[in-house]
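What follows is a short report on a single structure.
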Amino acid sequence: MSRRRRRRLNPPQLIALVYLLGIALGAAALHLPGMTRPGADLNAVDLIFTATSAICITGLVVADTGETFTRLGQVTILLLAQVGGLGIITFGTLFALLTGRRVNFSERQQLAQQVNALNVGGVLGLLRIIVLYTVAAQGVGTLLLSLRFVPQFGLGEGLYQSVFHAVSAYNNAGFVVLPGGMLPYAQDPLVSGVIALLIVLGGLGFLVQLNVLTHLASPRRNRLMVYSRLTLVTTGALLVLGTAVLLALEWTGALKGLGTGGKLLAAFFQSVTPRSGGFATVDMTALAPGSVFVMIALMFIGANSGSTGGGIKTSTFAILLVSAWNLIRGRTELIAFGRQIVPENVVRAGTITTIYTLLVFTGFFLMLVTNPTLGFTPLLFETVSAAATVGLSLDVTHRLNDAGLTVLCALMYLGRIGPVTFALALNLRETARGVIKYPPERDILVG
């Protein structure tokens with residue numbers, strides 16, 4: 001694509017296009033010889049699904065990644081997840097900087113849209129910080145995981161397992177190549193703890209992490225933004241609430257075979273992973289119906305804006321809650337942490353939630369139509385997991401037909417780029433803002 005043509009695309013259109021191209025290139029790479037092990041029964045739809053799951057950092061799989069793909073195939077999937085996690089435009093801009101090419105204002109706008117930067121001016125400096133921070137976080141995660149995996153698997157294999165799962169966890173990708181998966185580590189505080197921490201960090205978003213770090217370094221010079229406070233409080237509340245509910249519902253259920261410490265750790269891990277992590281240290285099919293409902297709710301809310309996670313985002317959920325609370329108290333202004341939240345953010349939160357809900361409903365309906373024998377709850381769980389780019393499953397993905405896999409591909413794609421971004425990408429007309437003013441209408445009943 002020529003630079004002149006790229007300038008004619010607005011940021012949402014470019015984001016939507018490059019992710020489609022990424023999926024196509026990823027699927028083509030996985031079709032190459034040597035990517036799958038001999039005897040692996042994967043058709044073209046399966047490989048497209050795997051590429052979509054990787055580039056959209058979801059983690060849903062039609063077959064066990066470690067047993068189906070060769071080492072080359074696994075590394076390809078991991079690279080797709082890394083690119084998808086940081087953002088394809090982020091990588092493109094980084095490549096331009098490394099090769100000495102000038103990044104023009106239009107490209108900076110596109111990058112700002114990709115990483116949810118608050119302004120365009122400092123976006124290149126933010127990019128450098130994001131890349132360095134990501135490498136550092138994944139490096140520390142690799143080092144910590146190697147303390148367990150190197151003694152278990154040997155130096156070479158242990159380091160590979162450590163790198164793979166550190167990158168997969170930080171990007172909230174959910175791909176696992178461990179023999180036996182994550183279940184053997186349900187009571188391992190090192191492995192479960194490090195992966196949970198990486199999931200949380202990746203799901204917090206780069207801006208929140210940087211704001212917290214700079215605030216801790218110099219509290220007076222760098223205040224903690226209201227957005228960061230809202231994000232941290234909501235994230236913490238969801239983790240505590242999810243852990244408590246899962247402990248109560250699964251103490252004698254899916255957690256029955258674990259010790260007291262193991263139950264606490266496993267419940268916490270299962271509360272973290274619906275944020276978009278996709279890992280699981282318990283058998284998901286053994287969960288009680290109430291626990292499945294909680295997991296669906298946590299997946300729907302998802303991670304934070306500008307992060308590697310999906311869902312409507314915690315900030316959106318928090319604004320809706322604060323808006324409802326202020327309405328109940330009779331306040332006309334939306335107040336959070338002593339600051340007024342502008343009405344545009346409330347409208348945006350409601351719009352995102354509405355579009356996202358319609359996306360899930362539509363996808364769920366199509367899943368019921370294409371795979372009617374697989375059950376209501378498993379298909380709802382699968383639908384929300386794909387739309388929120390989580391990757392958890394009630395052992396359904398490998399049983400879906402090609403039509404069902406295609407629906408999930410569309411959900412993962414739309415969930416990764418964001419339904420609002422996709423809607424804006426379809427808007428081909430340039431509208432003149434603020435030219436026409438319409439009279440307000442107040443006689444509309446709501447609620």
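The values are calculated or read from the model by the stated rules, or taken from the named source; none is laboratory data. As the structure is a prediction and not an experimental result, all values here were calculated from the model. A quick note on method: Cβ atoms are made from the backbone with ideal geometry, for glycine too, and the neighbour counts reach across all protein chains shown. The area values use the complete protein model at the heavy-atom level, side chains included, leaving out ligands, DNA and RNA. Shrake-Rupley method; radii C 1.70, N 1.55, O 1.52, S 1.80 Å.
For Thr36, what residues show an amide H to amide H distance below 5 Å, using hydrogens built from the backbone and excluding near sequence neighbours?
Thr70
Quick one: how many Å² of Thr406 are accessible to a 1.4 Å probe, rounded to 10?
The value for Thr406 is about 80 Å².
Heads up, I need the accessible area for Phe293: 1.4 angstrom probe, whole protein in place, Å², nearest 10.
My reading of the accessible area for Phe293 is about 150 Å².
I'd like the Karplus ³J(HN,Hα) series for the stretch 140-157: coefficients 6.51, -1.76, 1.60, θ = phi - 60°, whole numbers in Hz, and an x wherever there's a Gly or Pro.
5, x, 4, 4, 5, 5, 5, 4, 9, 7, 5, x, 7, 10, x, 4, x, 5
What number, in nm² with one decimal, is the all-direction average of the projected area of the convex hull of the alpha-carbon atoms of the stretch 286-411?
9.0 nm²
Compute the normalised compactness of the stretch 332-404: alpha-carbon radius of gyration over 2.2 N^0.38 Å, N being the residue count.
Relative to the rule-of-thumb radius for its length, the stretch 332-404 sits at 1.54.
Which sequence of Arg221, Arg128 reflects their accessible areas, 1.4 Å probe, from the largest down?
Sorted by accessible area, descending: Arg221, Arg128.
With every protein chain left in place and a probe of 1.4 Å, what is the accessible surface of Asp395, to the nearest 10 Å²?
Here the residue's solvent-accessible area equals roughly 80 Å².
As an exercise, use a Förster radius of 22 Å and the Cβ-Cβ distance of Glu333 and Val233 to find the FRET efficiency, rounded to the nearest 0.05.
0.65
Leaving ligands, DNA and RNA out of it, rank Trp251, Trp325 by accessible area with a 1.4 Å probe, largest first.
The ordering from most to least exposed comes out as Trp325, Trp251.
For the stretch 287-296, in order, what is each residue's ³J(HN,Hα) by Karplus, 6.51 cos²θ - 1.76 cosθ + 1.60 with θ = phi - 60°, in whole Hz (x at glycine and Pro)?
My calculation for the stretch 287-296 gives 5, 5, x, x, 5, 4, 4, 4, 4, 4 Hz in order.
May I ask you to order 31-40, 167-176 by the average number of other C-beta atoms within 10 Å around their residues, highest value first?
Put in order of decreasing packing, that is 167-176, 31-40.
When the chain is fully extended, how far beyond the present Cα-Cα distance does Ala248 get from Val347, taking 0.36 nm per residue of separation?
Fully extending the segment from Ala248 to Val347 adds 32.0 nm.
Just subtract the alpha-carbon distance of His398 and Ala63 from 0.36 nm times their residue separation and send over the number in nm, one decimal.
120.0 nm
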